[in-house]
């Protein structure tokens, strides 16, 4: 916040500064560089400190205090692998993310292919419905699923199944966006060629389209994984009890209570899994699209989350 | 004809899934909000529109107009969200501008560092601040060493020195911190798209840098500003966790907290559903606006 007044002052100041136009108008405004790096520091330093505290020797969660791995692996009952509650949260998060990834990706791929080609009655509303989860506030979305599972689909009820369904529902739209982007890049030429050479439609999809979509499919799998593991609101609303608590739910519940670095250790592990998935997505995408003309893959993958806000 | 039907068939499983777990789920909110409750205060949804009971919706509307019990929360939410969005714009715009036009050889690194926060779980980012702003935390110490806490106190923005003790200003700054990354990306995209030659033309025609900014760059980045604005306003409107983590006090609660309390807390699920309907109606305009701009962009890519 403290940077705000200077920003405003600086955008208007150069006008009054005499002789400014004699200087190089294309030079980098120094204050912009400053603001950007201060912002980057502000945005990442708190998280880095939280990670550092996970490696504390002592019990403090607010100060750096030695080095150890005891809050991860210690044999005391407070470490991530010593405290069943924390360990269960980690396993449960990974389970949900794995299942969401395996269900949302195929559904999203088929939906994307279908929507890209389907030009008939109902395709307009279908397009809107496929993208609407991206912009629906998560609370509205979660309340809807919560009421659905507590009033209509009571046979499913709340719990792991409901959580997986919730994660699949919001992440499917991301898969649609990723795969459609790839479909546009690939273009219809190769498919048309295959069809002209006599390949039946399903063979075109299976033997031509899917291999072309492979990078987008790999990226989708890993991004759904990352989205699911980071999710809080939907997991919380559809949880049925302590055994369905995820890592973000644990952090939320204990952030201001139990002051032990094991919570930081848990958060660090979760972050590790998310970043691992993203780096893998990036590497696989780059590897599979090597030799193709493209924009920056990192910006492509990065921009995918722009609909989320979660 | 045959071909066309195949594509519809492809979309079917996904559409069925979204139909059930998104469309019907939202219909469940309507049915509960316009339904009734049994003697145990559990909601009885009215699925048939002919049976709808507007009682809870009326109650919800009455609670959010001046004089209603949720009026203060609505006003507070609007203030918090507005201030947070302005803050996010003032921080995000120069950063996005630098990253898109001036970062030079650092560009790749800057972009990665700008993207990183929104792949870090939101809850973890807030959690990091609860550690920093605890009375013994580094954040509190730094703010105290710089006398920022006394400055804020004298301005009436901070009550005492406990940043986590129910302070509106903490919630607002946390919202800015949480959502700036989501603002920066659409800004970056739209600034990046401006042709450098347009700016050169403005300068060749004698516009000094400030006026080429105000009269060329700013108008051309308007779509990005609007998209970013909607993109952060929507989740903020449904945010309840930032408030609970950074303050927890009812004196700073937002509309998301009210809905969350109704649905997850007590016997007022139907009222909570009615409030959710109201919120969705208000936000629908913004959602459709964003979808339109998103699809326009996709159309451009396709063209």
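The values are calculated or read from the model by the stated rules, or taken from the named source; none is laboratory data. The shown structure was predicted, so the numbers you read here are calculated from the model rather than taken from an experiment. Glycine also receives a Cβ, built like all others from the backbone with ideal geometry; neighbour counts cover every protein chain displayed.
At a glance:
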read-out: All positions within segment B:37-73 that are touching a residue at least 40 places away in the same chain (Cβ under 8 Å) and over 31 Å from the mean Cα position of the chain (by Cα); value: B:37, B:41
read-out: Candidate set: segment A:217-234, residues that are at the interface with chain B (Cβ under 10 Å from one of its Cβ atoms) and part of a helix (DSSP H, G or I); chosen: the one farthest from residue B:265 (Cα to Cα); value: A:223
read-out: Test for residue A:214: is it part of a helix (DSSP H, G or I), within 14 Å of chain B (Cβ to nearest Cβ) and over 21 Å from residue A:164 (Cβ atoms); value: no
read-out: Subset of segment A:248-276 [crowded, with 22+ Cβ neighbours inside 10 Å, more than 8 Å from every other protein chain (Cβ to nearest Cβ) and farther than 17 Å from residue A:56 by Cβ]; value: A:250
read-out: Those residues of segment A:133-186 which are over 15 Å from the mean Cα position of the chain (by Cα), over 15 Å from residue A:234 (Cβ atoms) and assigned to a helix (DSSP H, G or I), in sequence order; value: A:151, A:152, A:179, A:180, A:181, A:182, A:183, A:184, A:185, A:186
read-out: Candidate set from segment B:52-102 (those that are touching a strand residue (DSSP E or B) at 6+ places or on another chain (Cβ under 9 Å) and part of a helix (DSSP H, G or I)); member that is surrounded by the most Cβ atoms within 10 Å (Cβ to Cβ); value: B:56
read-out: Restricting segment B:13-49 to residues that are over 21 Å from residue A:133 (Cα atoms) and in contact with a strand residue (DSSP E or B) (Cβ under 9 Å, 6 or more places away or on another chain), the residue that is modelled with the lowest pLDDT; value: B:38
read-out: Test result for residue A:119, over 21 Å from the mean Cα position of the chain (by Cα), within 14 Å of chain B (Cβ to nearest Cβ) and either modelled with pLDDT under 80 or under 20 Å from residue B:129 (Cα atoms) (or both); value: yes
read-out: Qualifying residue in segment B:154-168 (condition: assigned to a helix (DSSP H, G or I), more than 23 Å from residue B:235 (Cβ to Cβ) and facing another protein chain (nearest Cβ under 7 Å)); value: no
read-out: Of all residues in segment B:94-150 being over 23 Å from residue A:248 (Cβ atoms) and touching a residue at least 40 places away in the same chain (Cβ under 8 Å), the one that is farthest from the other protein chains (Cβ to nearest Cβ); value: B:100
read-out: Unique residue being more than 16 Å from the chain's Cα centre (by Cα), within 30 Å of residue A:148 (Cβ to Cβ) and either at pLDDT 90 or above or away from chain A (no Cβ under 11 Å) (or both) when the list is B:250, B:219, B:223; value: B:250
read-out: The listed residue being more than 9 Å from every other protein chain (Cβ to nearest Cβ) and touching a helix residue (DSSP H, G or I) at 6+ places or on another chain (Cβ under 6 Å), out of B:65, B:37; value: B:37
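Conditions tested, residue by residue: (1) more than 9 Å from chain B (Cβ to nearest Cβ); (2) at pLDDT below 80; (3) in contact with a strand residue (DSSP E or B) (Cβ under 7 Å, 6 or more places away or on another chain).
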{"position": "A:20", "(1), (2), (3)": "no, yes, no"}
{"position": "A:37", "(1), (2), (3)": "no, no, no"}
{"position": "A:40", "(1), (2), (3)": "no, no, no"}
{"position": "A:43", "(1), (2), (3)": "no, no, no"}
{"position": "A:51", "(1), (2), (3)": "no, no, no"}
{"position": "A:55", "(1), (2), (3)": "yes, no, no"}
{"position": "A:63", "(1), (2), (3)": "no, yes, no"}
{"position": "A:66", "(1), (2), (3)": "yes, yes, no"}
